[in-house]
Amino acid sequence: MAFDPDQLGALAAVVHEGTFDAAAQRLHITPSAVSQRVKALELQVGRVLVLRTRPCKPTEDGEILVRLAGQVDLLGRDALGQLVPAPGGAGAARTGGASRRLPVAVNDDSMSTWFPAAVADLPPDVLLDLRREDQDLSAGLLRDGTVMAAVTADPRAVQGCRVRRLGAMRYLAVAAPHRKDRWFGDGLTAEAFATAPLLAFNREDGLQERFVAAVVGRRTVTPMVHYVPSQSAFVGLIEAGLGWGMVPEVAARDGLERGALVEVRAGRTLDVPLYWQHWALRTPTLDDLTDRVVRAASAALRPVRRHGPPAAV
């Protein structure tokens with residue numbers, strides 16, 4: 001079965017933009033034309049591909065074709081970029097404006113530490129579209145075709161994707177010195193953890209709870225959690241004494257050296273394995289990005305176990 005690239009592109013635009021009107025603006029056609037293309041594609045495959053909600057959401061079948069649309073687009077742009085310029089420069093004029101956009105999901109801690117080294121010197125015709133997403137949730141963006149690659153904590157390959165082990169990001173439980181003495185002066189007990197305020201990146205951030213469970217042998221309830229979705233602000237607020245929290249080892253190093261931070265329990269760390277999931281499609285652009293990410297991660301992260309949850313050491 002052959003698919004019309006214009007119809008695939010219309011479906012992908014609706015899913016990525018969230019509405020038929022926004023998709024029409026992106027494609028420079030009318031909303032009616034977008035609707036006709038999507039309906040024609042649905043008639044061809046005999047099933048609903050997008051839920052007409054606000055925002056529009058792909059069905060399970062729609063996710064497969066949205067991913068296909070992105071792969072077709074990437075293949076076309078890679079091929080266009082490799083065409084040999086024709087005599088007289090016609091080919092150069094034809095290919096000179098062919099940029100390749102790479103939508104990639106990266107968790108904030110990676111984006112703030114080791115990931116920039118992977119993409120610092122990308123070719124000038126490659127454009128990044130970084131989506132900040134928690135490492136435990138980024139696989140969902142691969143599944144629905146929103147991104148073509150992601151840093152994720154899930155070693156299980158999304159359908160149509162390959163997985164590469166990157167390494168483990170080590171986290172330290174830290175606090176301002178005077179706050180540690182106040183909150184944990186009588187020891188790292190379940191009662192102390194239950195009353196000490198903590199910082200979490202967002203409501204999906206469970207690193208602090210995992211650390212507590214590893215230290216006291218069970219999870220405990222913390223009555224006050226501050227949500228701080230910024231890595232730099234997260235560290236700064238811990239130094240200011242707002243609460244304790246789990247910070248990447250490399251991000252905590254400066255505060256520890258200055259004495260602005262201390263470990264809640266010296267030597268007790270949490271290692272979070274990270275993986276690089278990407279479309280199984282082989283293109284020069286995606287292969288090059290994967291090589292860059294693997295090299296940068298190997299230089300910055302710790303060796304990771306093959307499988308299993310974050311390890312406390």
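None of ALA10, ALA24 is in contact with a Lys or Arg (Cβ under 7 Å, 6 or more places away or on another chain) and surrounded by 15 or more Cβ atoms within 10 Å (Cβ to Cβ) except ALA10. For region 211-234, filtering for residues that are within 23 Å of GLY140 (Cα to Cα) and surrounded by fewer than 19 Cβ atoms within 10 Å (Cβ to Cβ) leaves 3.
Counting just the residues of region 74-98 that are at pLDDT 75 or above and in contact with a strand residue (DSSP E or B) (Cβ under 8 Å, 6 or more places away or on another chain), which one comes out nearest to GLY167 (Cα to Cα)? Checking each candidate, the answer is LEU74. When PHE193, PHE184 are checked against the criterion of being touching a Ser or Thr at 6+ places or on another chain (Cβ under 7 Å), within 23 Å of VAL247 (Cα to Cα) and either outside the structural domain of VAL215 (by TED's automatic domain parsing) or aromatic (Phe, Trp, Tyr) (or both), a single residue qualifies: PHE193. Where helices (runs of 4 or more DSSP H) fall wholly inside region 93-208, the ranges with 2 or more residues that are hydrophobic (A, V, I, L, M, F, W, C) and touching a residue at least 12 places away in the same chain (Cβ under 8 Å) are 115-119, 139-143, 177-184, 190-195.
May I ask you to verify whether LEU237 is under 24 Å from GLN135 (Cα atoms), buried (at least 16 other Cβ atoms within 10 Å of the Cβ) and touching a residue at least 12 places away in the same chain (Cβ under 8 Å)? Yes: the conditions hold for LEU237. Within region 239-284, the set of residues being under 30 Å from GLN82 (Cβ atoms) and either of a type in the set (Asp, Glu) or not in a strand (DSSP E or B) (or both) comprises ALA280, LEU281, ARG282, THR283, PRO284. Can we say ALA213 is at pLDDT 95 or above and assigned by TED's automatic domain parsing to the domain that holds SER110? It is false that ALA213 is at pLDDT 95 or above and assigned by TED's automatic domain parsing to the domain that holds SER110. Going by what's in this entry, would LEU141 be described as modelled with pLDDT under 90 and of a type in the set (A, V, I, L, M, F, W, C)? Answer is yes for this residue.
The values are calculated or read from the model by the stated rules, or taken from the named source; none is laboratory data. Just so it is clear, the model here is predicted, and its values are computed rather than measured. Using ideal geometry, Cβ is built from the backbone for each residue, glycine included, and neighbour counts are taken over all protein chains shown.
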